[in-house]
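Quick notes on the structure that follows.
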Amino acid sequence: MVGCGAWGFNYINTLCSIPEVKLQCICDIKEESLQKVRKTYPNIRTTTDYRELLNDDQLDGVIIATPPHSHFSITTEFLSQNKAVLVEKPCTVSYHEADTLIKLAEKNNNILMAGHLMEYHPAVLKMQEYISQGLLGRLRYILLERTSLGKSQNDVGVHWDLTVHDLSMVRCLVNRNPKWVSAHGVSYRQQNIYDLVIITMEFPDDLLVQFHANWISPIKKRQAVISGDQMTMVFDDVKDTDKLQLLSNSGEITMPGFEKSLPLTNQCMHFVECIKTKSPPKTGSADIIWVIKAMDLAEQSLLHNGAKLSWDWNGGLDVKD
């Protein structure tokens with residue numbers, strides 16, 4: 001485990017609860033973070049230098065939960081040493097970096113997996129099932145909101161921190177490419193670090209998808225509204241119960257049941273299974289490149305006053321208007 005901040009510690013607790021996993025070593029550059037680990041897990045080796053682990057033949061896999069701008073270099077080193085890698089979202093902070101990692105993993109016939117947690121959420125899997133069955137009818141509009149007050153990062157904007165979750169969810173649910181991407185954002189507290197970002201994507205068949213990420217809202221939201229011409233589905237991940245609702249056009253509301261497993265446990269167990277069977281991860285290369293491409297286009301749109309950027313890459317960005 002490389003990186004044991006708040007989210008990294010969640011990984012550690014989860015890994016230690018899975019019988020098939022032996023957590024060999026935990027790495028972090030901050031000694032105070034490692035001290036916290038040693039108090040809870042005194043028998044697990046710790047180090048401040050991940051390079052000590054590169055040539056460790058006892059390691060089958062590595063999970064990287066460091067700040068986003070470090071993901072590319074650390075992942076590159078472990079993939080080069082034939083280690084299976086699960087890297088937290090965002091996998092990288094550019095399309096070029098994502099493409100480079102994917103090619104390196106393919107060259108070494110190695111596992112590269114992104115921590116796109118929402119694709120392992122049982123409620124999202126139930127939503128995917130309903131959409132594939134045509135229960136909602138033709139999809140018309142999707143709104144995804146993630147807001148939190150006070151939290152911010154120094155190296156990436158709110159869209160890299162929060163919207164990546166929702167992008168991976170949309171790819172999972174919609175299963176097609178958008179026609180264009182547009183983004184608007186505002187930096188209030190740090191120059192060039194966006195606190196509020198709204199991303200809009202149009203898909204074929206007149207499906208409009210909008211993402212709202214916000215670090216300055218006083219209300220915490222983790223919500224998705226998927227509207228079809230027959231039914232609407234609402235997913236509220238902040239709620240303790242009844243996270244998923246189905247609303248008919250006549251106003252009838254039902255609360256679908258779904259498996260009560262933990263998304264992070266599901267994700268870690270999938271990584272373990274991929275290592276054991278040498279099978280490609282669900283959130284592997286195709287998922288990574290789609291999400292990072294969408295993020296790269298959003299980033300360019302932010303720099304070009306919300307311009308609609310075509311999904312067709314062709315070696316550059318095609319400004320629609």
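Any read-out appearing in this document is the output of simple, stated calculations on the displayed coordinates, not a laboratory observation. Values in this document were obtained by computation on a predicted structure and should not be read as measured data. Neighbour counts are summed over all protein chains in view; Cβ atoms, including those assigned to glycine, are modelled from backbone coordinates with ideal geometry.
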Using a ≥ b ≥ c from the Cα gyration tensor of segment 6-116 (square roots of the eigenvalues), is it rounded, prolate or oblate, where a/c under 1.5 gives rounded and otherwise the larger of a/b and b/c decides, a/b for prolate? prolate
Between the modelled labels at Gln191 and Ser132 (7 Å from Cα along Cα→Cβ) the distance in nm is 4.9
Cross-link partners of Lys221 among aspartates and glutamates (Cα-Cα below 17 Å; sequence separation of 8 or more within a chain): Glu145, Asp161, Asp166, Asp195, Asp236, Asp237, Asp240, Asp242
DSSP-loop trypsin sites (Lys or Arg not before Pro) across segment 1-104, with at most 16 other Cβ within 10 angstrom: Lys22, Lys30
Return a whole-number percent for the relative contact order of the chain, with Cα pairs under 8 Å and 6 or more residues apart as the contact set. 18
Taking the chain as a Gaussian network, where each spring joins two C-alpha atoms under 10 Å apart, which residue of Ser285, Ser301, Ser17 fluctuates the most? Ser17
Going Cα to Cα from Lys260, which lysines come in below 18 Å? Please leave out same-chain ones fewer than 8 positions away. Lys126, Lys239, Lys243
Averaging sequence separations of C-alpha pairs under 8 Å and six or more residues apart, then dividing by the length of segment 24-145, give the relative contact order as a whole percent. 17
Which residues does the label zone of Ser17 cover in segment 61-99, counting backbone N under 16 Å from a point 7 Å along Cα→Cβ? none
Can you compute the modelled spin-label distance between Val238 and His184, with each label point 7 Å from Cα toward Cβ, in nm? 2.3
At a Förster radius of 30 Å, what calculated FRET efficiency corresponds to the Cβ-Cβ distance of Leu208 and His304, to the nearest 0.05? 0.90
Taking only Cα atoms, what is the 0 to 90° angle, nearest 10, from helix 71-80's long axis to the longest principal axis of the chain? 50
Please give the length that would be gained between Glu273 and Asp57 if that part of the chain were fully extended, namely 0.36 nm times their separation in residues minus their C-alpha to C-alpha distance (nm, one decimal). 75.9 nm
For the chain, percent of DSSP beta bridges that are antiparallel (nearest 5) comes out at 65
Whole number please: convex hull volume per residue of the Cα set in the chain, in Å³? 145
With a 10 Å Cβ neighbour count serving as the proxy for reagent exposure, in which order, fewest first, do Cys16, Cys268 appear? Cys16, Cys268
Sort out the exposed loop GluC sites (Glu not before Pro) in the chain (DSSP loop, at most 15 other Cβ within 10 Å) and tell me the longest stretch that has none. 21-251
Would you check segment 6-116 for Lys pairs whose C-alpha atoms are within less than 25 Å, ignoring same-chain pairs closer than 8 in sequence, and give me the count? 13
Could you give the length gained by full extension between Thr48 and Ser70, i.e. 0.36 nm per residue of separation minus their alpha carbon distance, to one decimal place? 6.4 nm
For segment 169-213, which trypsin sites (Lys or Arg not before Pro) pass both filters: DSSP loop (anything but H, G, I, E, B) and at most 12 other C-beta atoms within 10 Å? Arg176, Arg189
Rounded to the nearest 10, the angle in degrees between the Cα long axis of helix 263-277 and the longest principal axis of the Cα atoms of the chain comes to 60
